[in-house]
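The values are calculated or read from the model by the stated rules, or taken from the named source; none is laboratory data. Everything quoted here is computed from the prediction, not taken from an experiment. Quick reminder, even Gly has a Cβ in these numbers, built from the backbone with ideal geometry, and neighbours come from all protein chains shown. Remember, those area values only see protein heavy atoms, side chains included, never the ligands or the DNA or RNA. Shrake-Rupley method; radii C 1.70, N 1.55, O 1.52, S 1.80 Å.
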Amino acid sequence: MSKPRITSGRIQVVIGLVLLAALIFQCHRALTAKARQPQTPVAVQEPVRHRPSVAFAAPAPPSPVSEPPEALATRDPMGFLQMAMERYDRTVRDYTCTFTKKELIGGKLTGEQVIDVWFREKPFSVRMEWKRNADKISRVLYVADRWIDEGRQMALVEPAGSIARLFVSCVMRPINGEEAKRSSRRTIDQFGMRNSLALTLKYARLAQEKNLLDLSYKGKGEVDGRPTFIFERRLPYTDEHGIWPDRVLVVHMDQEMLLPVLCLAYADDERKILLGHYEITNVKLNPNLPDSVFTKEGMGF
């Protein structure tokens, strides 16, 4: 019986089988190594949300509410105000606005004052420029802890009237001094939408502790063409020397921003004696105000 001949064709078949076996071995090793490697999580793209209005350029999207705002306002008015303040703390850092106020001071109602405002939360900073009915000052700048004299917080003040400015362009005044108290029911460090919420809640809780609270949601309203939710708080107010700030307080909360844009304080149940009218319009939230806005040089002094 003759031995099989080794031909070139058979050699090529053997070589092919060897190469195929090597390829299969390499693929198996690669797949095994890949399976052992930690998997990199795939980024999931967030769904596109509707952008808020230009007036509310929030630094971070507000947390979703568990129920519609009006439902919460109806069921739990104080809870609504607390929610609004917490939402403010998450989303607001600064803003500009037009502030209109009228107050009962020394038994007389002041004229309606219109003021342009630049406001920043940290550090607490307020710049005001009077556009109508400036009383004793035409401009003021306050930055918490920037100017302190003998332990008193000071504000930079420009006197009203061209004659006064001939002698001095600006002066320092204590924000809690007698002069400040004679010109306003609130001091400048109490200005701001958050402070309005905080003061409303402060006296509501104090009244609640004494079983004297009367706080309710009154329905929808409008301020400067913007829809609002209306709240009413009643306190056992007696006079300006008592612990209670007013008898009746009406608060309009902007429905989009969920912030107080109008506060009306009265001394009587019939709302005939106005203690204070505080209105905020033309609000632009989070414009990223530069530090220079809140400096003496930035005001041109």
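State the percentage of accessible surface on the stretch 216-297 attributable to carbon and sulfur atoms; use a 1.4 Å probe and exclude ligands, DNA and RNA.
47
Taking the mean number of other Cβ atoms within 10 Å as a proxy for protection, how do you rank 250-257, 95-102 from highest to lowest?
250-257, 95-102
Using only the Cα atoms, work out Rg/Rh for the stretch 155-301, with Rh taken as the Kirkwood radius, to two decimals.
1.03
Too long at a 27 Å Cα-Cα cut-off: which of LYS181/LYS272; LYS122/LYS296; LYS131/LYS218; LYS220/LYS272?
Check vs 27 Å cut-off fails for LYS131/LYS218.
Taking every pair of alpha-carbon atoms in the stretch 59-141, give the share separated by more than 20 Å as a whole percent.
Taking all Cα-Cα pairs of the stretch 59-141, the fraction more than 20 Å apart is 56 percent.
What's the ranking of 212-222, 126-136 by average number of surrounding C-beta atoms within 10 Å, highest first?
126-136, 212-222
Let me know the charge dipole size of the stretch 171-301 about its Cα centre in debye, to the nearest 20, where only the beta-carbon of Lys, Arg (+1) and Asp, Glu (-1) is charged.
So the dipole magnitude of the stretch 171-301 works out to roughly 160 debye.
Suppose all protein chains stay in the model; what accessible area per residue would a 1.4 Å probe give for the stretch 215-301, in Å²?
Averaged over the residues of the stretch 215-301, the accessible area is 46 Å².
How far apart, in nanometres, would the label points at ARG93 and ARG182 be if each is projected 7 angstrom from Cα along the Cα-to-Cβ direction?
So the label points at ARG93 and ARG182 sit 4.1 nm apart.
Work through the residues other than ILE280 whose Cβ is under 10 Å from its Cβ and net out their charges, Lys, Arg +1 and Asp, Glu -1.
-2
Going through the stretch 237-289, which trypsin sites (Lys or Arg not before Pro) have at most 10 other Cβ atoms within 10 Å and a DSSP loop state?
Sparse-neighbourhood loop trypsin sites (Lys or Arg not before Pro): LYS272.
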